[in-house]
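The values are calculated or read from the model by the stated rules, or taken from the named source; none is laboratory data. Predicted, not measured: the structure shown is a model, and the values here were computed from it. So basically every Cβ, Gly included, is an ideal-geometry build from the backbone, and we count neighbours across all protein chains shown.
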Amino acid sequence: MPVHLLQEEMSSSYTTTTTITAPPSKMLQNEGGKLEKTLVHLEEEIRPEMKDDIYDPTYKDKEGPRPKTEYVWRNIILMFLLHLGALYGIILFPTGQFYTWLWVFFYYMMSALGITAGAHRLWSHRTYKARLPLRVFLIICNTMAFQNDVYEWARDHRAHHKFSETDADPHNSRRGFFFSHVGWLLVRKHPAVKEKGSLLDLSDLKAEKVVMFQRKYYKPAILLMCFIVPTLVPWYFWGETFQHSLFLATLLRYTMVLNVTWLVNSAAHLYGYRPYDKNISPRENILVSLGAVGEGFHNYHHSFPYDYSTSEYRWHVNFTTFFIDCMAALGLAYDRKKVSKAAIQARIKRTGDGSYKSG
């Protein structure tokens, strides 16, 4: 069976998929105002329980001088030491055992899925639903990634979408590449981030038992899953040196996961095309999607944050969508939200930058 037919079968079988359909043909013929209102209504209908990740164009930064930058020296020192250890891991990489290389790749992919399929698409945006075994698996993978617990990650990410490119955006790309990449973790949050973040509806996260369990036991969990397990497995099971296990399988792997995730906030907001909405900063960046297992189609994602694929093209450079579809085939994922082709084309016609190519 050709890949595209298999993809369509897996995307539609075994489980329900909610799709935003285009307006009737008569409505598509109307001028901008009515069409825009109809699309907004459709966008709201696909997830009636979720509104706090939808961009709010009415929010503007307060006028006046910026608050003084406060450096978090503990984070600066720890981040420096982590990257120093990762550099040593790169030096050790050629002398590592083959099984250690496979372990690094496996742990990298599991950590990445904990962010992309878990914290991002499931818990931040509610783009699909997952049964308990899948939720437990994703919370374990997310703990491997150590990027704050899911509750805090999702809160910051919803603020990023709702107040994108303002002071209330935790990693506001208008403050430059370095700030949006890692600098935002090295300084105190802007007061607007705390103010607006505290107003978001997080009741769904508070009601999610696996999320709150992770939050309660997060510190010992990350010590075990992010540092102890990836170090001890190569050393114990196939006799890798402790030095290689620590610097290669743990510090280098963890640093790689961090940086590819950060590239979604930095590079994918600054470099690339905007075929769906030229009025927002996020871009389509295929290189970011390669490293971040599908998260580089960022102009699409910010245009349609309720789409479980974060891309129009599903499996194309998008391992996370493939994973979710496999879980759906097993009955562990369901109610995947997807935007229809007609609705996408209407958005492209209305706000695209003219770079769109059908694929």
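Observations, loosely collected:
- Taking the criterion of being charged (D, E, K, R), touching a residue at least 40 places away in the same chain (Cβ under 8 Å) and farther than 21 Å from LYS278 by Cβ, the only residue of the range 159-175 that qualifies is ASP167.
- Residue, farthest from PRO57 (Cα to Cα), within the range 270-288, restricted to residues that are of a type in the set (Phe, Trp, Tyr) and more than 18 Å from the chain's Cα centre (by Cα): TYR273
- Pair list, Cβ under 6 Å, 6 or more apart: the range 212-241 residue under 24 Å from LEU102 (Cβ atoms), other residue assigned to a loop (DSSP other than H, G, I, E, B) and of a type in the set (Gly, Ala, Ser): none
- Condition met for GLU195 (assigned to a helix (DSSP H, G or I) and among the acidic types (Asp, Glu)): yes
- Positions within the range 201-219 being outside any helix (DSSP H, G or I) and surrounded by 14 or more Cβ atoms within 10 Å (Cβ to Cβ), in sequence order: LEU202, GLU208
- Scope the range 87-106; condition surrounded by fewer than 17 Cβ atoms within 10 Å (Cβ to Cβ), more than 10 Å from LEU252 (Cβ to Cβ) and in contact (Cβ under 8 Å) with a residue 40 or more places away in the chain; matching residues: THR95, GLN97, TYR99
- Being surrounded by 14 or more Cβ atoms within 10 Å (Cβ to Cβ) and in a helix (DSSP H, G or I) is a property that holds for ILE222.
- Taken over the range 313-335, the criterion of being out of contact with any Lys or Arg (no Cβ under 8 Å at 6 or more places or on another chain) and of a type in the set (D, E, K, R) is satisfied by ARG314 alone.
- Residue match in the range 258-266 (condition: under 15 Å from the mean Cα position of the chain (by Cα), among the aromatic types (Phe, Trp, Tyr) and within 22 Å of GLU152 (Cβ to Cβ)): yes
- Within the range 268-315, being crowded, with 23+ Cβ neighbours inside 10 Å and of a type in the set (Gly, Ala, Ser) holds for ALA268, SER289, ALA292, GLY294, GLY296, SER303, SER309, SER311.
- Exactly one residue out of LEU248, LEU185, LEU252 is over 26 Å from VAL136 (Cα atoms), at pLDDT 95 or above and buried (at least 21 other Cβ atoms within 10 Å of the Cβ), and it is LEU248.
- The set of residues from the range 260-280 being touching a residue at least 40 places away in the same chain (Cβ under 8 Å) and assigned to a helix (DSSP H, G or I) comprises VAL260, THR261, TRP262, LEU263, ASN265, ALA267, HIS269, LEU270.
- Members of the range 109-155 found to be under 18 Å from HIS181 (Cα atoms) and surrounded by fewer than 19 Cβ atoms within 10 Å (Cβ to Cβ), listed by number: ASN148, GLU152
- Residues located in the range 281-308, provided they are in contact with an Asp or Glu (Cβ under 9 Å, 6 or more places away or on another chain), among the small types (Gly, Ala, Ser) and not in a helix (DSSP H, G or I): SER281, GLY296
- When LYS349 is tested against the conditions (1) of a type outside the set (Asp, Glu); (2) out of contact with any helix residue (DSSP H, G or I) (no Cβ under 8 Å at 6 or more places or on another chain); (3) farther than 23 Å from TYR128 by Cα; (4) assigned to a loop (DSSP other than H, G, I, E, B), the lone failure is (4).
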